[in-house]
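Asks: Before we start, here is the structure in question, set down as structure tokens.
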Amino acid sequence: MLANKLGQEELIKGCLAGEENAFLQLVEDNQDMVFSIARRLGTTQQLAEDISQEVFLRVYRNLHSFRGDSKLSTWIYRIAYNTTIEMLRKRKEGFSYEALVEDGWQVEDGGLSPEQEAERNEQAELLGKLISQLPGKYRHVIVLFYLQDKSYEQVAQTTGYPLGTVKTYLHRAKKEMLKAYLRMERGDL
């Protein structure tokens, strides 16, 4: 942890001036968020680590183009989101519901019994399977809105979808997940 934290403007100026400590702070301040985005969009641990490296490489290369219209962390979030989607497409990897079970959406256990813990893990696995069956555009908004607790506006900004489209996709995704759940219950899957 760096002793003297820089504000956003000083941090950007330092990075652009080639100050190593400034870039280290930028990485330190945002690395958990970047890794979490990759994991919650359904990547494996290894791919999330690769994506994190790629994101910070892109941030370093493109920091000069940051306009300051938003917070730096919002700009980095968008790069992380786009990089994750791009790398998933390139590798043709699907959504990994194991990522949800391993370290995703679960809340702190708060002293759950082993039975409650097992039930929660089963629910996480079921949720992951349902999410994995969604088309990518629905899956992305569901993950951002429900698993990453982003507002409608933040989801729209991250995905580039209009606000009305985000709301529509969330509605359709929930309907699709319910249909898939009912098919599972009937044994049709």
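Nothing in this text is a laboratory measurement; each read-out follows from the coordinates by a stated rule. All of these numbers come straight from a predicted model, not from anything done at the bench. When we count neighbours, we look across all protein chains shown, and the Cβ atoms used for this are built from the backbone with ideal geometry, even at glycine.
Asks: Could you give me the percent of Cα pairs per 10 Å distance bin for region 1-96, shortest bin first, beginning at zero and ending with the bin that holds the maximum distance?
Replies: 16, 48, 27, 9, 0
Asks: Another question about this same structure. Placing +1 at every Lys and Arg Cβ and -1 at every Asp and Glu Cβ, with all other atoms neutral, what dipole size does region 1-72 have around its Cα centre, in debye to the nearest 20?
Replies: Roughly 240 debye, rounded to the nearest 20.
Asks: Rank by packing, highest mean first: peptides 36-46, 79-89, 116-126, with packing defined as the count of other Cβ atoms within 10 Å averaged across residues.
Replies: Output ranking for 36-46, 79-89, 116-126: 36-46, 79-89, 116-126.
Asks: Which of the peptides 57-67, 132-142 is most tightly packed, and how do the rest follow, going by the mean number of other Cβ atoms within 10 Å of each residue?
Replies: 132-142, 57-67
Asks: From the phi of every residue in region 28-45, what ³J(HN,Hα) in whole Hz does the Karplus formula 6.51 cos²θ - 1.76 cosθ + 1.60 yield, where θ is phi - 60° and glycine or proline is x?
Replies: 4, 5, 10, 5, 5, 4, 4, 4, 4, 4, 4, 5, 6, 8, x, 8, 6, 4
Asks: Quick check on my link table: of Lys71/Lys174; Lys90/Lys137; Lys13/Lys167, which ones sit more than 26 Å apart, alpha carbon to alpha carbon?
Replies: Checking Cα-Cα distances, Lys71/Lys174; Lys13/Lys167 exceed 26 Å.
Asks: Could you point to the residue in Ala80, Leu182, Ile12 farthest towards the positive end of the chain's charge dipole, with +1 and -1 charges on the Cβ of Lys/Arg and Asp/Glu respectively?
Replies: Leu182
Asks: What's the FRET efficiency of Tyr60 with Gln154 using the Cβ-Cβ distance as r and R₀ = 22 Å, to the nearest 0.05?
Replies: 0.35
Asks: Averaged over every viewing direction, what's the projected area of the C-alpha convex hull for the chain? Give it in nm², one decimal, please.
Replies: With the hull built on Cα positions only, its mean projection is 12.9 nm².
Asks: Another question, if that's okay. Kirkwood hydrodynamic radius of region 113-189 from all distinct Cα pairs, in Å?
Replies: Taking the inverse mean of 1/r over all distinct Cα pairs, region 113-189 comes out at 13.4 Å.
Asks: Please check which bits of region 21-50 a label hung off Glu86 would reach, taking the label as a point 7 Å along Cα-to-C-beta and the cut-off as backbone N under 15 Å.
Replies: 38, 50
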